[in-house]
1. Given the conditions (1) within 20 Å of V114 (Cβ to Cβ); (2) surrounded by 12 or more Cβ atoms within 10 Å (Cβ to Cβ), report the number of the one that W20 does not fulfil.
2. Among residues belonging to region 50-68 that are of a type in the set (G, A, S) and buried (at least 20 other Cβ atoms within 10 Å of the Cβ), point out the one that is nearest to D93 (Cα to Cα).
3. Within region 68-120, track down each residue that is of a type in the set (S, T, Y) and in contact with a Phe, Trp or Tyr (Cβ under 8 Å, 6 or more places away or on another chain).
4. Taking N47 and the conditions (1) modelled with pLDDT of 95 or more; (2) surrounded by fewer than 17 Cβ atoms within 10 Å (Cβ to Cβ); (3) more than 11 Å from the chain's Cα centre (by Cα), which numbered condition does it fall short on, given that it satisfies the others?
5. So which of A39, A33 ends up being of a type in the set (A, V, I, L, M, F, W, C), within 23 Å of E94 (Cβ to Cβ) and surrounded by 15 or more Cβ atoms within 10 Å (Cβ to Cβ)?
6. Is there a residue being under 30 Å from C104 (Cβ atoms), out of contact with any strand residue (DSSP E or B) (no Cβ under 8 Å at 6 or more places or on another chain), modelled with pLDDT of 90 or more and not in a helix (DSSP H, G or I) anywhere in region 16-28?
7. Tell me which helices (runs of 4 or more DSSP H) are completely within region 58-126 and hold 2 or more residues being farther than 18 Å from I28 by Cα and modelled with pLDDT under 95, or say none if there are none.
Amino acid sequence: MNRFRIGALLLAVLLGLCVWAQLRMNAIQTPIAQQIAQAESMSAEQNWAQATGMVKRAQSDWEENHTFVASLADHQPLEEIESLFAMLEAYGDEQDETEFRAACKDLARRILAVKQAHELTFGSLF
């Protein structure tokens, strides 16, 4: 009976860790994706100072949480996200609205995809 209790406790701890990781990934990545979406709308209004500032703030938030995210997520999407941040900086400097907006949409989509990959769903259990 003791082995059963130990096993059940271990499974409960692992489930708790998984739920905590999902909530933390959501708390990190949703605001960053929202900041990128705001930067995209600001660039559409030709408000480049605020748009580039929002991208820098989002990139700072991303880098601040990079260790945690990298410990859980696949590295290929993370590298693509980081390259998109670099591209956004260049597009913002050149004030290339079309490329900036397209990169913002792509970046926000990729950030949300990483978040969704860590959601606890019925399909992810089986």
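The values are calculated or read from the model by the stated rules, or taken from the named source; none is laboratory data. Keep in mind it's a predicted model, so treat the numbers as computed, not measured. Cβ: placed from backbone, ideal geometry, glycine included. Neighbour counts: every protein chain shown.
1. (2)
2. Applying the first criterion (of a type in the set (G, A, S)) to region 50-68 yields 51, 53, 58, 60.
Then keep just the ones that are buried (at least 20 other Cβ atoms within 10 Å of the Cβ); that gives 51, 58.
Working: A51: 11, A58: 16 Å.
Step by step, filter region 50-68, then rank; the result is A51.
3. Y91
4. (1)
5. Working: A33 fails: within 23 Å of E94 (Cβ to Cβ).
Going through A39, A33 in turn, just one is of a type in the set (A, V, I, L, M, F, W, C), within 23 Å of E94 (Cβ to Cβ) and surrounded by 15 or more Cβ atoms within 10 Å (Cβ to Cβ): A39.
6. The answer is no; no qualifying residue exists.
7. Details: elements: 66-72, 75-94, 97-117, 122-125.
Fully inside region 58-126 and qualifying: 75-94, 97-117, 122-125.
Residues are listed down the side, and each one gets a yes or a no for (1) within 28 Å of C18 (Cβ to Cβ); (2) out of contact with any helix residue (DSSP H, G or I) (no Cβ under 6 Å at 6 or more places or on another chain); (3) among the hydrophobic types (A, V, I, L, M, F, W, C):
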residue	(1), (2), (3)
M42	no, no, yes
Q50	no, no, no
W62	yes, no, yes
F68	yes, yes, yes
A90	no, yes, yes
D96	no, yes, no
F100	no, no, yes
